[in-house]
Amino acid sequence: MCTSLVVGSMIGSGVFLLPASLAAFGGISILGWLVSAGGAMCLALVLARLGAVLPRVGGPYAYAREGFGDFVGFWVAWSYWISILAGNAALAVATISYATVVWPLLGTSAVAALAAALVALWSLTLVNAHGVRTGGQVQLVTTVLKLLPLAAIGIVGFFHFQGDHFRPFNPTGDSPLGAVTATVTLTLWAFIGIEAATIPAADVRDPARTIPRATILGTTIAAVVYIVCTVAVMGIIAPADLSTSTAPFADAAASIWGGAGRWIIGVGATVACFGALNGWVLLSGQMPRAAALDGLMPAAFARLTDRGTPTIGLVISSVIASVLIAMNYTRGLVHAFTFLILLATLATLLPYLFSSMTGLIMALRERFGADGSGGSAPVGRMVLSVLAFGFSLWAIVGAGYETVFWGFLLLVAGIPVYVAMRWRVA
């Protein structure tokens, strides 16, 4: 279940759209995938180590607080929670967007689409309020279902593969380094969710062993699926057609199996978004709960029901996400919604940044000791933390100056909440 939480949280709508975004970069985009996968694996290994030695609720929040104290811990929890809320709204909308393949009415009626998106969100809120294990079971089933159509394209697609689609290898006219950097900026977003298994640590059996294994295995599965499926789709559809496709996997399936294939992949994409939404709904209650247990967010978020679920946090999170969904279906606020999603994506990188440095701090303490005595922490662990930090920083830079600026303002907006919580404690 932990592995499916990682895989399900990462594999959402992005994998079904990225081949079209990468079409202009040609074959060199595969190198971008490999670099992103390498950076993601560095992060996964750092998080796996932290999950083993610090199996606490909140994952990256708990690690940031351990390494840098309450204020940075609150900052990470605040930004991560906001990103989850906006991400849940986006995933609910994306789920309904793909569902138009099965129910065309959802593509012509804004009211029907809004109602369906809210039903998707609140049905999963109820599932996770029933219990973390129930949410985990749903995640396991949806992860298996979403991987089946992807595996079909990835395997069968190679029988329809055309190598000419990858020539020239770098059609951008840019240097190889510049082209790879541009593709990494696109592909790294697909790995958001690496930390999913670390957040509900209190509900994981034998977390010191389960969380590291699930994190590494889940990241590996996602990376393999991304790269294999992208190569297959690019080999099936000509670059010129792929760059203008709004549903590249469905178009690839249609060229192999006809209309039935398009319908099957449409269903698979819907399940993929639905499964990702389930994973993030689960986390929307766990992250504020972790901060509330430490007195950094209102105590209501820490309360558990008889089933051991933070229902108040789940409900509050889904209420806010519902407002954002409604904003998406209000013409005048679409741009605000889109911009919020962009900021939320940036906000998810902060936990990676601070978690990497916490890993370095712990390795240095183990290596040299607080009193200057020698330790046994391998140098490789320190190098890994530095690489993970560098990858996270690169990702933030790739988001662009304007996004970073507004992202900083989003963080500053949380300071009054922190002050209020500190004042109550004082």
If you take the residues in the range 110-122 that are without any contact (Cβ under 8 Å) to a residue 24 or more places away in the chain and closer than 18 Å to GLY266 by Cβ, which one is surrounded by the most Cβ atoms within 10 Å (Cβ to Cβ)?
ALA116
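For (1) at pLDDT 80 or above; (2) of a type in the set (A, V, I, L, M, F, W, C), each residue gets a yes or a no:
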site	(1), (2)
SER284	yes, no
LEU296	yes, yes
ALA299	yes, yes
SER322	yes, no
ALA347	no, yes
ALA363	yes, yes
Limited to the range 156-173, what total is found for residues that are part of a helix (DSSP H, G or I), touching a residue at least 60 places away in the same chain (Cβ under 8 Å) and open to solvent by 50 Å² or more (accessible area, probe 1.4 Å)?
2
Condition first: surrounded by fewer than 15 Cβ atoms within 10 Å (Cβ to Cβ) and over 21 Å from THR309 (Cα atoms). Can you find one or more residues in the range 86-96 that meet it?
no
One residue is enough: does the range 187-198 have a residue meeting the conditions within 30 Å of HIS130 (Cβ to Cβ) and open to solvent by 20 Å² or more (accessible area, probe 1.4 Å)?
yes
Whether any residue in the range 174-183 is crowded, with 21+ Cβ neighbours inside 10 Å, assigned to a helix (DSSP H, G or I) and of a type outside the set (Ser, Thr, Tyr) is what I want to check.
yes
Would you check if GLY268 is farther than 30 Å from PRO60 by Cα, within 20 Å of the chain's Cα centre (by Cα) and in a helix (DSSP H, G or I)?
yes
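Somewhere in the range 54-70, is a residue among the aliphatic types (A, V, I, L, M), open to solvent by 20 Å² or more (accessible area, probe 1.4 Å), closer than 21 Å to THR215 by Cα and touching a residue at least 24 places away in the same chain (Cβ under 8 Å)? If you could, list the steps in order and put the result at the bottom.
Of all residues in the range 54-70, those among the aliphatic types (A, V, I, L, M) come to 54, 57, 62, 64.
Among the residues that remain, those that are also open to solvent by 20 Å² or more (accessible area, probe 1.4 Å) are: 57.
Then drop every residue that is not closer than 21 Å to THR215 by Cα, which leaves 57.
Next, only the ones that are touching a residue at least 24 places away in the same chain (Cβ under 8 Å) stay: 57.
The answer is yes; a qualifying residue exists.
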When both residues are 6+ apart or on different chains and their Cβ atoms are under 6 Å apart, which pairs have a first residue that lies in the range 336-364 and is over 15 Å from ALA48 (Cα atoms), and a second that is modelled with pLDDT under 70 and open to solvent by 10 Å² or more (accessible area, probe 1.4 Å)?
PHE337/ASN328; LEU346/ALA399
Identity of the residue in the range 301-310, surrounded by fewer than 18 Cβ atoms within 10 Å (Cβ to Cβ) and either over 18 Å from THR125 (Cβ atoms) or not charged (D, E, K, R) (or both), that ends up modelled with the highest pLDDT:
LEU304
If I filter the range 47-70 down to residues being over 15 Å from ALA196 (Cβ atoms) and of a type in the set (Gly, Ala, Ser), which single residue comes out as farthest from the chain's Cα centre (by Cα)?
GLY69
I need the full set of residues from the range 397-421 which are over 16 Å from LEU350 (Cα atoms), of a type outside the set (A, V, I, L, M), modelled with pLDDT of 80 or more and out of contact with any Phe, Trp or Tyr (no Cβ under 9 Å at 6 or more places or on another chain), in order please.
PRO416
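Could you list all residues from the range 199-233 that are hydrophobic (A, V, I, L, M, F, W, C), open to solvent by less than 10 Å² (accessible area, probe 1.4 Å) and not in a loop (DSSP other than H, G, I, E, B)?
Answer for the range 199-233, where residues must be hydrophobic (A, V, I, L, M, F, W, C), open to solvent by less than 10 Å² (accessible area, probe 1.4 Å) and not in a loop (DSSP other than H, G, I, E, B): ALA201, ILE211, ALA214, ALA222, CYS229, ALA232, VAL233.
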Somewhere in the range 107-129, is a residue within 21 Å of ILE221 (Cβ to Cβ), part of a helix (DSSP H, G or I), in contact with a Gly (Cβ under 6 Å, 6 or more places away or on another chain) and not basic (Lys, Arg)?
no
Of the residues SER36, SER9, which single one is among the polar types (S, T, N, Q) and touching a Ser or Thr at 6+ places or on another chain (Cβ under 8 Å)?
SER36
Would you pick out the residues in the range 1-59 that are among the small types (Gly, Ala, Ser) and outside any helix (DSSP H, G or I)?
GLY12, SER13, GLY58, GLY59
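With respect to THR134, determine if the residue is among the hydroxyl-bearing types (Ser, Thr, Tyr), assigned to a loop (DSSP other than H, G, I, E, B), at pLDDT below 80 and surrounded by fewer than 18 Cβ atoms within 10 Å (Cβ to Cβ).
The answer is no for THR134.
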Check VAL383 against each of (1) at pLDDT 80 or above; (2) within 28 Å of CYS42 (Cβ to Cβ); (3) open to solvent by less than 60 Å² (accessible area, probe 1.4 Å); (4) out of contact with any Leu (no Cβ under 7 Å at 6 or more places or on another chain) and name the one condition it does not meet.
(3)
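The values are calculated or read from the model by the stated rules, or taken from the named source; none is laboratory data. In this text the structure is predicted, and so the values were computed from the model without any measurement. For neighbour counting, all protein chains shown are included, and Cβ atoms are generated from backbone atoms with ideal geometry for every residue, glycine included. Only protein heavy atoms, including side chains, enter the accessible area calculation; ligands, DNA and RNA are left aside. Shrake-Rupley method; radii C 1.70, N 1.55, O 1.52, S 1.80 Å.
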